[in-house]
Amino acid sequence: MAKKNRLSRFGPGFLVTAAFIGPGTVTTCSIAGADFGYSLLYVLIFATVTTIVLQEMTGRLSLGSGLDLGQSLREYPRNALLRIVFIILTVSAISLGCAAYQAGNIIGGSLGLEMVTSVSNKIWVLVISAASLILLSLKKYKIIEKVLISLVFLMSVSFITTLIIIKPDLSQVVKGLVPTVPENSIFIILALIGTTVVPYNLFLHSSAVKKKWKSPKNIKEFRKDLILSISLGGFISASIIITSSVAFFQKGIDINSGAQLAQQLKPLFGLLTNFLFGLGFFAAGMSSAVTAPYAAAFATSGVMGWKETDSRPFRFVWMGVILVGLIVSLFDFNPISVIVFAQVANGVILPVASLFLLIVLNDKNKMGIMANDFKKNLLGVAVISMVSLIGIWNIIKLFLR
């Protein structure tokens, strides 16, 4: 019983990890390792710490005010025009963004199962979409939480075991923790940060914390869950970079996708590694295929004032995200225009939501003992400045392709 009680303290942080360790992250980390070896490992440390800081802020907002981020964006602004702008930005960035990338999550998970079973990925596209639909239809947060924790655990076992099999040079790994900027690495550096610091996770985590804990007295449990889960996510990402570095960078082999990493590892390390990587790729896709629709529904319901999981519009949002992902996955449609729009919206919403968080967390009337002190403000300003630059860059890079 004691063990069960300890496990029940965890959850919201693992939703964030399940969300950002998707096929895009696996592919980005694979390419980072193949092209630049261990030299960009320090970027993951920065991205992981930045994620912890931002998610701590949004979780503390829920504990202090009793409102999640979406609800706060709707209720806090006194100016009606500003409130409308926040609503439009949030719905555009989160709902359309999640719908645009859902296909990648579904396809990534199906490719992982195809590696393991040799069954056509089109079959697995249907299975993963149906599983996501059934899981979210249950309307049981605790069940969804447990499934996603299990998927994160599966990812951990798969990718970390692969790391152990490949036996990296630890002295070289340590050197990768020293900041350097290799030639032509700026795009992949920003991609590593962008796949870890995800705007919709601010909304997802805030809503999950509000469901899980009701009082500022839970702050220690909340932080323990957050630090453990996000750090684990950072370690998973680092293990992929290291594995890719050993398998490809040190041998001068180029790769273009995470799935290719598993295929190339097969002749080097046998079926076990291919099997493990396939399971990890499936878990990454499946976890993101569940959290993306869930996050879109939470964020949209918050800013629109819906009753979250009890409302029909809430269900329509996550169903719509899954449907878009399924259609694009099955018929190979190119959602490029939606993705471009979503990237622009995400590039705006990340700094806007972060700055809004900082403002609200300084409102002692609303936040009470959860309000920011000087040190938290200093850290918040530093992180927000960085994510603002990242947001601006995400918009600029669309025109540099």
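The values are calculated or read from the model by the stated rules, or taken from the named source; none is laboratory data. As the structure is a prediction and not an experimental result, all values here were calculated from the model. Cβ atoms come from the backbone with ideal geometry, glycine included; neighbour counts cover every protein chain shown.
Out of (1) over 19 Å from the mean Cα position of the chain (by Cα); (2) at positive phi, the odd one out for Gly11 is which?
The number of the failed condition is (1).
What number of residues within region 93-130 are of a type in the set (Gly, Ala, Ser), farther than 14 Å from Gly278 by Cα and touching a residue at least 40 places away in the same chain (Cβ under 8 Å)?
8
Would a scan of region 60-70 turn up a residue that is farther than 19 Å from Trp318 by Cβ and assigned to a loop (DSSP other than H, G, I, E, B)?
Taking every residue of region 60-70 in turn, at least one turns out to be farther than 19 Å from Trp318 by Cβ and assigned to a loop (DSSP other than H, G, I, E, B).
Can you name every one of the helices (runs of 4 or more DSSP H) wholly within region 173-290 that holds 1 or more residues which are more than 14 Å from the chain's Cα centre (by Cα) and at pLDDT 85 or above?
Helices (runs of 4 or more DSSP H) meeting the threshold: 186-196, 199-212, 219-247.
For Pro77, indicate whether it is part of a loop (DSSP other than H, G, I, E, B) and at pLDDT 85 or above.
Working: part of a loop (DSSP other than H, G, I, E, B): yes; at pLDDT 85 or above: no.
In short, no.
Tell me, please, whether a residue that is surrounded by fewer than 15 Cβ atoms within 10 Å (Cβ to Cβ), charged (D, E, K, R) and at pLDDT 85 or above can be found in region 111-128.
Checked region 111-128: at least one residue is surrounded by fewer than 15 Cβ atoms within 10 Å (Cβ to Cβ), charged (D, E, K, R) and at pLDDT 85 or above.
Could you say which residue among Gly59, Gly104, Gly112 is over 27 Å from Ala262 (Cβ atoms) and touching a helix residue (DSSP H, G or I) at 6+ places or on another chain (Cβ under 6 Å)?
Details: Gly104 fails: over 27 Å from Ala262 (Cβ atoms); Gly112 fails: over 27 Å from Ala262 (Cβ atoms).
Of the residues listed, the single one that is over 27 Å from Ala262 (Cβ atoms) and touching a helix residue (DSSP H, G or I) at 6+ places or on another chain (Cβ under 6 Å) is Gly59.
With the requirement that a residue be more than 28 Å from Leu177 (Cβ to Cβ) and small (Gly, Ala, Ser), what does region 211-235 give you?
Ser215
Okay, residues lined up against (1) free of Cβ contacts under 8 Å to residues at least 40 places away in the same chain; (2) touching a Pro at 6+ places or on another chain (Cβ under 6 Å); (3) not hydrophobic (A, V, I, L, M, F, W, C):
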residue: Glu183; (1), (2), (3): yes, no, yes
residue: Tyr200; (1), (2), (3): no, no, yes
residue: Leu204; (1), (2), (3): no, no, no
residue: Ala208; (1), (2), (3): no, yes, no
residue: Arg223; (1), (2), (3): no, no, yes
residue: Leu232; (1), (2), (3): no, no, no
residue: Ala238; (1), (2), (3): no, no, no
residue: Val246; (1), (2), (3): no, yes, no
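Checking the condition farther than 18 Å from Leu261 by Cα and among the aliphatic types (A, V, I, L, M), which residue from Ile144, Ile160 passes? Break it down into steps so the answer makes sense when it comes.
Values: Ile160 fails: farther than 18 Å from Leu261 by Cα.
From the options Ile144, Ile160, the qualifying one is Ile144.
Looking at region 291-303, which of its residues are under 12 Å from the mean Cα position of the chain (by Cα) and either among the charged types (D, E, K, R) or over 17 Å from Leu326 (Cβ atoms) (or both)? Give the steps one after another, and end with the answer.
Just the residues of region 291-303 that are under 12 Å from the mean Cα position of the chain (by Cα), to begin with: 291-292, 295.
Scanning region 291-303 gives a single hit, Ala295.
Check Val119, Val147, Val152, Val127 and return the single one that is of a type in the set (A, V, I, L, M, F, W, C) and in a loop (DSSP other than H, G, I, E, B).
Numbers: Val147 fails: in a loop (DSSP other than H, G, I, E, B); Val152 fails: in a loop (DSSP other than H, G, I, E, B); Val127 fails: in a loop (DSSP other than H, G, I, E, B).
On inspection, the qualifying residue turns out to be Val119.
Of all residues in region 130-144, which are part of a helix (DSSP H, G or I), at pLDDT below 85 and surrounded by fewer than 16 Cβ atoms within 10 Å (Cβ to Cβ)? So that I can check it myself, show each step before the final result.
Going residue by residue through region 130-144, those that are part of a helix (DSSP H, G or I) are 130-137, 141-144.
Next, from what is left, pick out any that are at pLDDT below 85: 141-144.
Across region 130-144, the qualifying residues are Lys142, Ile143.
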